[in-house]
Every structure is written in structure tokens, then in C-alpha cells.
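All remarks here apply to the structure that follows.
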Amino acid sequence: MIELAPSILSADFSRLGEEVRAAGEGGGTVIHVDIMDGHFVPNLTIGPPVVKSLRRATRLPLDCHLMIEHPDEFIPVFADAGADWISVHQEVCRHLNRTLHHIKDHGCLAGVVINPATPVETLAEVLDVVDYVLVMSVNPGFGAQPFIPSTLHKMRRLAEIRSQRGLNYRIEVDGGVALETVADVVRAGAEILVAGNAVFGNGDPSKNAAALLKAATEAALQRV
């Protein structure tokens, strides 16, 4: 099943509730929330109060992507604020297995994220723990970056490993997902599509989301 996860990083924060509702009307089924601390990535975004406000504005699951150092300290806070999914970066977690179980212990789906330069093989020992794997198809920190084509092989590899090992994790992609790239990522195996600028950058978020989801669904039918 293909799902669209509109990313609020590119939304108009003065009209955030309205924008999120419009993206949902266009077919978005998960709201992606980028949490950046200015240390792990060169940008600052939002914290638990905004997540708490979003929780009141939508019934859709909130997918909180923690691009932060020391994520273990903040997992309980974001869970309490209303996060449904929480993902952490392989690159920052010293005890990744423990951190993923920490997320699950707080009632959230647990995801692991890898940057463009991080091999899929670094996840071998936690793929039986995670609910989803998020492949970054741009270097994290800013929205509206161009898609990195070399990340497609990671999605294919994750799909292969899942089949070989009989696992159930889902494959998510974040970065440069747009009408021009969505077919490639879906054919490579991505199932949860994070899109910020393509949904909120220009025009009506509802129409943009619907067009992106239509293109993704058509590409899914072409999978071999």
C-alpha cells in the first residue's frame, strides 16, 4: 500500500492546521514532522509544543523524524505530545537496539533512518525490530533539495532483504520526492512517501497531494 506523508517542513506555519487538513483531503494519510536540533543537522525547526498543537489539529498519525543528538532523552516527550511514529538516525544512536525498544515502550511505531552515505548493511541487526526504515534521499537539514538518484538502490536492497528474511518493516523515503521522481522511488520499493515542497511549496496542498498520490499509485502498478 502506497501512503503519502506530507512534510510540514515546507508548510505555512501561520496556517499550519489548515494546511495539514488540506493535505489530508488530498490523500495524505500520515503527517511527517521534521525535528532538527542545529547540531546533528545544520538547522533548527520545532519541538514538542508544535507536535502537541498538531495533535489537536488532525487525527492523522504524526510521524516524528528526530534529526537530533541524544534522541533517547526526547522520545518520552514527543510521545507524550502526541507522536504516533518516531524515527531515529542510525548515525547518532550508540545503542540503536535499545533506542528502538525505547520508542516501542512509549507506544509508538519505531523507525530507523539512514543518510545518503550510510549503507543499508548497517541496519542488519535491527531490521527485525523496526516498523519502518526511512531512506534519506537528500542530505538532511533543509527542504526543497534535489533528489539523490544513488539512494534508489537502498530501497531495492531493503525490499530484497525483507523478502529474503521474511520481515515486515515498511520502506519510507524522504527528500526530493516530487512528480518527476515519485515513480522511480515507488518502483524501487518505497511505500511511504514523504513530500514537503511538492505538497506545500506552490498552489493548493490538496490538489498537489492528490496529483502526487495518483502518480505514485500508477507507478506501483508497474512494479515487477
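The values are calculated or read from the model by the stated rules, or taken from the named source; none is laboratory data. Just so we're clear, the structure is a prediction, and the values are computed from it rather than from any experiment. Methodologically, a virtual Cβ is constructed for each residue, glycine included, from the backbone with ideal geometry; neighbour enumeration extends over all protein chains shown. The area values use the complete protein model at the heavy-atom level, side chains included, leaving out ligands, DNA and RNA. Shrake-Rupley method; radii C 1.70, N 1.55, O 1.52, S 1.80 Å.
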Efficiency of FRET from Cβ geometry, GLU18 and ARG94, R₀ 41 Å, rounded to 0.05: 0.55
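Given a cut-off of under 8 Å on Cα pairs at least six residues apart, what relative contact order in percent is computed for the chain?
Working: 464 pairs, mean separation 50.8, N = 224.
23 percent.
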Run the quick spin-label model on ALA144 and LEU167: label points 7 Å from Cα toward the beta carbon, then report their separation in nm to one decimal. 3.6
In the chain, taking the dipole from +1 charges on Lys and Arg beta carbons and -1 charges on Asp and Glu beta carbons about the Cα centre, the listed residue (PRO48, MET36, PRO61) farthest towards the positive end is PRO61
For LYS214, counting only lysines whose alpha-carbon sits under 29 Å away and dropping same-chain residues fewer than eight positions off, the answer is LYS154
Solvent exposure, largest accessible area first (probe 1.4 Å, DNA, RNA and ligands not counted), of HIS102, HIS39: HIS39, HIS102
Just checking my list [x] 1.01; [y] 0.93; [z] 0.97 against Rg/Rh (Cα atoms, Kirkwood Rh) computed from this structure; which label fits? [y]
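What percentage of the solvent-accessible surface of the range 3-222, computed with a 1.4 Å probe over protein heavy atoms, is contributed by carbon and sulfur atoms? Please report the intermediate quantities before stating the final value.
Values: 4750 of 9430 Å².
Carbon and sulfur: 50 percent of the exposed surface of the range 3-222.
Extension gain LYS207-VAL77, at 0.36 nm per residue separation less the Cα-Cα distance, in nm? Can you show the working numbers first?
Working: separation 130, 0.36 × 130 = 46.80 nm, distance 3.38 nm.
Stretched out fully, the LYS207 to VAL77 stretch lengthens by 43.4 nm.
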For the range 164-224 and the range 81-137, distance of Cα centres in Å: 20
Residue-normalised 222 nm signal for the chain, counting each DSSP H run of n ≥ 4 as -39,500 (n - 2.57), nearest 500 deg cm²/dmol, is -10000 deg cm²/dmol
Filtered hits (lysines, Cα-Cα < 24 Å from LYS52, offset >= 8 within chain) -> LYS104
Cut-off under 5 Å, modelled amide H: who pairs with LEU134 long-range: VAL112, VAL113, ILE114, GLU172
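Kindly report the accessible area of the chain per residue (heavy atoms of protein chains, probe 1.4 Å, no ligands, DNA or RNA), in Å². Before the final figure, lay out each step's value.
Numbers: 9900 Å² over 224 residues.
Here the residues of the chain average 44 Å² of exposed surface.
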